[in-house]
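Read the structure below first, then the notes.
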Ligand SMILES: [Zn+2]
């Protein structure tokens, strides 16, 4: 390919990627499977690497993140980004309405929008091209985070019409991405983010744009700072205009003719906020007519034509009675607050996370303290603060133990970690947690072996390691509490069936540090047998795509342990399969793995496929089919009359395909 041809192809690729990205990230209706997008992106990257002088600023390749910046520059906002006044209840909303009508008359109408809990940003476009993205900062001066914002796929790099415009919006992290990120952080022994807002802000304020690129952020555009050459009459029209330009605009924005409608809107979303796939903390109410905005003007701090209704804080007071210490599978010791039961956000809370010792110190938590407990969405409740003026003097200081609460070995703090760890490989707590992990859904998937049964087996000394599960006898199981003939039979059958699992499940189940379900699959696929993986060198591991140094190192040292060899031998002798039985490399020709590594749920009636056929196709193309939607699900294929599963998938923000999209993807991979 000569330079001229390359230029032409680059143009094509950019248009295609822009269009596919728009459909996927803005409209939520993917046009092509991810693998096709990735393939085109790789072609683009390759061409741009070959012809560096043909790289443009608005090329979709910036989505993967450019080189890190030494620091963020400050930028002044031409039109200040003011904060809004707050309304906390119905009365505040009515007072706002009275003030507005006094100033502009009775004809007033409003627009209600959800108040997203993320990071407010300003995006400047010149002749349709994104030239700058900045944080709100103090409203007058923000930070230039253009290179990070360019990686957010819902932010157009080029508008559909070449306007010069400054757009405001909220960058946010969907709940599902947030959970996945925290899971990965936990795996890596890193501290988790407290909520999606912190995670979004933390990701966009990284100097390395590649980190932001990996965080699955999104953005809702919600207002125009200024625009040249376009006359918009109402706020609602400006939302529609933003949509036309290619922005993602939230679908729940609604026109409200009266304050009664506004109040009804706030009530509806106060109740239903937890059903959304992203966090909100209130409702923004704006006067619709922009001419009225002019008349109303501003106070020193905020516009008079808008107010932010804040949902009642889901925080309550209760007494912290004790602090319990839990030893996790990786030996991390986590303090958990035991509380007087209290109702928060519709559920009774008895325990709350305290994260680690540093936080206990920082918040000055003592046993017997009256504490503030907060529950946000689906997130575990946490202790956010202490009411020190409620102290009676009876409160007792808490100290993290120096020994493991279960095995009494000395706890250590690894370099760069805040957590304390028990490093004893024979620690019963770690073994028990390891067993629970081993049988879990993404690992060996043994039904009927819940936490309670595992704890009992462990307590009765019927199992000491995961291999012992395969040596359990009927009579032994019958002695356990609440284990009748039928459940014992089922359990034994489930254990037996798990012996046939493909290698990746076993690998994940073993709980090798840093090896998550996805990496386990990659390893199983690449090395095919446990034996080969055991013999793999650091370099061989590193040569595998997706395996980094930390993981390679962890795998090598895991297999060097003599107790690991013993365990693997014991498992093999018990008849547990040690080879990869998924689709073979040869079967997954380069582009065929549309569903590679994906967990797919089929729901509703498919017209061209039987369930079984569809399932076989997905498996042949590298995916796994499961029955129920959870946050582990990657994709839902929804046929006709898809009911609750589709709804659930929508709520947790999982990709949903129509049957047509599914058929297309399968056909394309088979060409
Ligand atoms: Zn221990």
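The values are calculated or read from the model by the stated rules, or taken from the named source; none is laboratory data. These numbers come from a predicted model, not from an experiment. Methodologically, a virtual Cβ is constructed for each residue, glycine included, from the backbone with ideal geometry; neighbour enumeration extends over all protein chains shown.
Among the conditions (1) away from the ligand (no atom under 16 Å from the Cβ); (2) surrounded by fewer than 17 Cβ atoms within 10 Å (Cβ to Cβ), the only one that residue 360 does not satisfy is (2).
Looking at (1) farther than 23 Å from residue 195 by Cα; (2) out of contact with any helix residue (DSSP H, G or I) (no Cβ under 8 Å at 6 or more places or on another chain); (3) in contact (Cβ under 8 Å) with a residue 60 or more places away in the chain, can you tell me which one residue 314 breaks? Result: residue 314 passes all but (1). Here residue 373 clears all of (1) crowded, with 16+ Cβ neighbours inside 10 Å; (2) more than 16 Å from the ligand (Cβ to nearest atom); (3) within 30 Å of residue 484 (Cα to Cα) except the condition numbered (3). The residues of the stretch 632-671 include none that are at pLDDT below 80 and in contact with a helix residue (DSSP H, G or I) (Cβ under 6 Å, 6 or more places away or on another chain). The conditions are (1) in the same structural domain as residue 274 (by TED's automatic domain parsing); (2) surrounded by fewer than 17 Cβ atoms within 10 Å (Cβ to Cβ), and residue 54 fails exactly one of them. Which is it? Failed condition: (1).
Please determine whether any residue of the stretch 333-342 is within 16 Å of the ligand (Cβ to nearest atom) and buried (at least 18 other Cβ atoms within 10 Å of the Cβ). For the stretch 333-342, residues within 16 Å of the ligand (Cβ to nearest atom) and buried (at least 18 other Cβ atoms within 10 Å of the Cβ): present. Can you find, within the stretch 470-525, the residue that is nearest to the chain's Cα centre (by Cα) among those that are outside any helix (DSSP H, G or I) and surrounded by fewer than 14 Cβ atoms within 10 Å (Cβ to Cβ)? Applying the filter and picking the extreme gives 500. Applying the set (1) under 30 Å from the mean Cα position of the chain (by Cα); (2) part of a loop (DSSP other than H, G, I, E, B) to residue 40 leaves exactly one unmet item: (2). Scanning the stretch 384-398 for residues that are touching a residue at least 40 places away in the same chain (Cβ under 8 Å) and within 14 Å of the ligand (Cβ to nearest atom) turns up nothing.
Quick one: would you say residue 427 is in contact with a helix residue (DSSP H, G or I) (Cβ under 7 Å, 6 or more places away or on another chain) and within 16 Å of the ligand (Cβ to nearest atom)? When the stated conditions are applied, residue 427 does not pass them. Can you tell me which residue is farthest from residue 509 (Cα to Cα) among those in the stretch 430-464 that are within 16 Å of the ligand (Cβ to nearest atom) and touching a helix residue (DSSP H, G or I) at 6+ places or on another chain (Cβ under 6 Å)? The extreme case among them is 458. Scanning the stretch 401-424 for residues that are on the phi > 0 side of the Ramachandran plot and either within 15 Å of the ligand (Cβ to nearest atom) or touching a residue at least 12 places away in the same chain (Cβ under 8 Å) (or both) returns a single hit, 408.
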